[in-house]
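One structure is given below, encoded as structure tokens.
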Amino acid sequence: MGSNKPYIVAIFIQITFAGMSLMSKAAFAGGMNTYIFLFYRQAAGSIILVPLTLLLKGKEKRPLSFKHLCQIFVISLIGITLALDAYGVAINYTSATLGAAAFNCVPVTTFFFAILLRMEKVKLKKAAGIAKVVGIMICMGGAAILAFYKGPYLKPLFTHQLFHHLQSQSHHSSKSQNTWMIGCFFLLITSVSWGIWFVLQVKFL
């Protein structure tokens, strides 16, 4: 069970991200301001996580230098403020499905920056290296298909008001190709920001 924990956590995170995309889109479709929604979401997360951190890790306090404080600020600015604001705008302009699928591009950007900073090596003569390259191509192909090919709309399996609201909002947004492409551009910014964020976190930790 111990060796499978990272995979279980990874699946749980993907499910959480999908739910986050759906709920974010529903909030924006209902008229919620993007930045106010993100502020409330981060504030709620802080209120929950700060007491838990103090309770579980309070004994592991370490002195924080000014240099480390600046590094944390830059990492948070890129991976939280920039990425989440861009993601919120992108979801508002596109759809919850594309927003959730965009997370598949994060391994691509992370891998790219890891290679750029010499934290990762690709050996194309080995099976592991080939698997990495093929995986990256599949991620990029899947995201590109969802970005450029919207296809016909499917009838929802559930008749809850939330799904009707999302469907009508998605149909409205699909009428404007410009709006859709702007949303895709912001998703690209989000993926790049998160890729840099993961790499910087590894170097900092």
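The values are calculated or read from the model by the stated rules, or taken from the named source; none is laboratory data. What you are looking at is a predicted structure, and each value in this text was computed from that prediction instead of being measured. For neighbour counting, all protein chains shown are included, and Cβ atoms are generated from backbone atoms with ideal geometry for every residue, glycine included. Calculation scope for accessible area: heavy atoms of the full protein, side chains included, ligands and nucleic acids excluded. Shrake-Rupley method; radii C 1.70, N 1.55, O 1.52, S 1.80 Å.
In the context of the full protein assembly, F17 retains an accessible surface of approximately 60 Å², using a probe radius of 1.4 Å and ignoring ligands and nucleic acids. Maximal additional length on extending the K59-T179 stretch stands at 38.2 nm, based on 0.36 nm per residue less the C-alpha distance. Given the pairs K126/K203; K5/K203; K123/K203; K5/K121; K25/K67, which span a C-alpha to C-alpha distance of over 28 angstrom in this model? Correct reply: K25/K67.
Loop-located trypsin sites (Lys or Arg not before Pro) in the range 1-68 (DSSP state not H, G, I, E or B) with no more than 11 neighbouring Cβ atoms inside 10 Å: K61. Modelled label positions at M119 and V74, each set 7 Å beyond Cα in the direction of Cβ, lie 1.3 nm from each other. Residue order by solvent-accessible surface for I115, I189 is I115, I189, largest first, with ligands and nucleic acids left out and a 1.4 Å probe. Taking the centroid of alpha carbons for each part, the range 28-44 and the range 86-113 are 18 Å apart. Coupling constants for the range 61-70 follow from the phi torsions by the Karplus curve (6.51 cos²θ - 1.76 cosθ + 1.60, θ = phi - 60°), and in residue order they are 5, 10, x, 10, 6, 5, 4, 5, 4, 5 Hz; glycine and proline get x. Extension gain for the segment Y35 to I11, taken as residue separation times 0.36 nm less the Cα-Cα distance, is 5.8 nm to one decimal. Derived scalar couplings between HN and Hα for the range 75-85 equal 4, 5, 4, 6, x, 10, 5, 5, 5, 6, 5 Hz in order, rounded to whole Hz, by the Karplus curve 6.51 cos²θ - 1.76 cosθ + 1.60 (θ = phi - 60°), x for Gly and Pro.
I'd like the carbon and sulfur percentage of the solvent accessible area for the range 17-100, probe radius 1.4 Å, heavy atoms only, ligands and nucleic acids excluded. Looking at the range 17-100 in its full context, I get 72 percent from C and S. Sorted largest first by accessible area at a 1.4 angstrom probe radius, with every protein chain in place, the residues V89, V133, V9 fall in the order V9, V133, V89.
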